[in-house]
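Report on the structure given below.
Where a number appears in this text, it was derived from the coordinates with a stated rule and is not lab data. Owing to the predicted nature of the structure, the values given are computational and were not obtained by experimental measurement. Positions of Cβ are backbone-derived with ideal geometry, glycine not excepted, and every protein chain shown enters the neighbour counts.
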Amino acid sequence: MNILMLTNTFTPHVGGVARSVAETTRQLEKLGHKVLIVCPSFEGTESTRKVLRVPAIEHFRDTSFSFPLPIPSGVHRAIDEFRPDVVHS
């Protein structure tokens with residue numbers, strides 16, 4: 001099964017949501033599923049085959065969270081090519 005996970009918090013941010021997404025991804029992959037994570041881009045991070053980073057404003061309103069900016073068209077194409085069976089946000 002192809003599972004798309006959308007999150008506004010992921011590594012290198014340290015916290016419960018980032019850890020939950022990472023561990024859930026590991027367990028789903030151990031079961032043979034493919035997972036694509038769409039999350040904010042942070043300084044020093046890059047997109048990979050498994051993690052698609054989108055532009056975001058870091059530390060939105062003086063918090064440790066990011067606020068995604070309008071998504072570039074390449075993200076839509078990558079999601080279409082991944083063909084998710086399940087979307088988790």
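Some observations on this one:
- Other residues whose C-beta falls under 14 angstrom from the C-beta of Leu28 contribute a net charge of +1, scoring Lys and Arg +1 and Asp and Glu -1.
- Pairwise FRET efficiency - Arg77 versus Glu23, Cβ, R0 = 25 Å, nearest 0.05: 0.30
- Under 5 Å between amide hydrogens, built in the peptide plane, is the criterion, and for Ile37 it picks out Met5, Val51, Leu52 among residues at least 5 positions away or on other chains.
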